[in-house]
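The values are calculated or read from the model by the stated rules, or taken from the named source; none is laboratory data. Note that this is a predicted model, so its numbers are computed, not measured. Methodologically, a virtual Cβ is constructed for each residue, glycine included, from the backbone with ideal geometry; neighbour enumeration extends over all protein chains shown. SASA here: full protein model, heavy atoms, side chains in, ligands and nucleic acids out. Shrake-Rupley method; radii C 1.70, N 1.55, O 1.52, S 1.80 Å.
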Amino acid sequence: MGKFIVGLIIGIILIPAAAAVYFAGGYAPAAVNDPPFPFERVIAGTALHARIARSAPKRELASFTTANIVDGADVYRHHCVGCHGLPDMQRNRPEPKMYPDPPKLFTPDGYVTDDPVGVTYWKVKNGIRMTAMPSFQNVLNEQQMWDVAALLASADKLPPEATQTLKQPLFPPPPPANGKPTTPSGTAPKGHHGAPQR
Ligand code: HEC
């Protein structure tokens with residue numbers, strides 16, 4: 001009985017009190033550069049996997065054409081490059097840090113080529129809570145979300161046309177110093193989303 005009471009006191013008073021001191025006392029990780037919370041990745045990862053297993057749709061990579069993958073590359077260069085990078089990208093300047101860090105999806109360490117296309121589609125559509133990974137369902141249509149997922153599923157065997165598309169600059173180059181546009185017709189090429197001309 002005595003042991004039981006001690007256990008009860010520990011359980012209902014000391015543990016919550018210790019947790020309160022840990023969180024309210026400023027000991028828990030909150031800054032990007034803090035070390036991870038104990039079991040943080042396991043807990044977050046388990047919830048994410050369970051949720052995705054329950055709701056990700058299924059579709060074979062083979063059902064996408066090269067044209068789909070090239071369209072996915074166009075989506076990617078407009079919406080994803082800033083966080084997830086490009087193939088062969090040289091990182092020669094410091095980047096702002098995020099926690100968790102966005103994986104570089106075109107390097108072998110960051111490839112999601114082993115994930116089913118539907119899982120990647122789910123992540124693009126719904127985002128990943130408590131991380132910088134946004135949900136794109138208000139920005140991209142269904143086809144675009146599938147196409148970019150198919151692109152990432154093919155990251156280790158990209159069709160050359162997709163690599164080309166990824167490498168295209170987002171904005172037309174700035175006009176030369178004399179202010180004259182560079183194209184023969186006198187009009188700068190129009191950006192994909194009607195990007196403002198400079
Ligand atoms: C503002 C930064 C940001 C942008 C923009 C962004 N992401 Fe992410 N993304 C992240 C972060 C951070 C993670 C890591 C989340 C985690 O660790 O759970 C992530 C994770 C992912 C993952 C899961 C990777 C894995 O290993 O399971 C995929 C797939 C992904 N992003 C695809 C995309 C696509 C496609 C786009 C563009 C349509 C995009 N992301 C745009 C930040 C971003």
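Structure summary
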{"item": "Segment 135-154, residues that are outside any loop (DSSP other than H, G, I, E, B), closer than 14 Å to ASP74 by Cα and not charged (D, E, K, R)", "result": "GLN143, GLN144, MET145, TRP146, VAL148, ALA149, ALA150, LEU151, LEU152"}
{"item": "Residues located in segment 130-146, provided they are touching a residue at least 12 places away in the same chain (Cβ under 8 Å) and either near the ligand (Cβ under 10 Å from one of its atoms) or in contact with a Ser or Thr (Cβ under 6 Å, 6 or more places away or on another chain) (or both)", "result": "MET130, THR131, ALA132, MET133, PHE136, VAL139, LEU140, GLN144, MET145"}
{"item": "Given (1) open to solvent by less than 70 Å² (accessible area, probe 1.4 Å); (2) over 20 Å from the mean Cα position of the chain (by Cα), number of the condition GLY45 does not satisfy", "result": "(2)"}
{"item": "Residue list for segment 113-128, filter: more than 11 Å from the chain's Cα centre (by Cα), surrounded by fewer than 18 Cβ atoms within 10 Å (Cβ to Cβ) and within 9 Å of the ligand (Cβ to nearest atom)", "result": "ASP115"}
{"item": "Candidates ALA56, ALA30 - the one that is surrounded by 11 or more Cβ atoms within 10 Å (Cβ to Cβ) and either under 25 Å from ASP101 (Cα atoms) or touching a Lys or Arg at 6+ places or on another chain (Cβ under 9 Å) (or both)", "result": "ALA56"}
{"item": "Selection within segment 80-97 - near the ligand (Cβ under 8 Å from one of its atoms) and open to solvent by 60 Å² or more (accessible area, probe 1.4 Å)", "result": "GLY82"}
{"item": "Contacts under 7 angstrom Cβ, first residue in segment 75-99 being over 19 Å from LEU140 (Cβ atoms), partner among the hydroxyl-bearing types (Ser, Thr, Tyr) and away from the ligand (no atom under 12 Å from the Cβ), 6 or more apart", "result": "PRO87/THR163"}
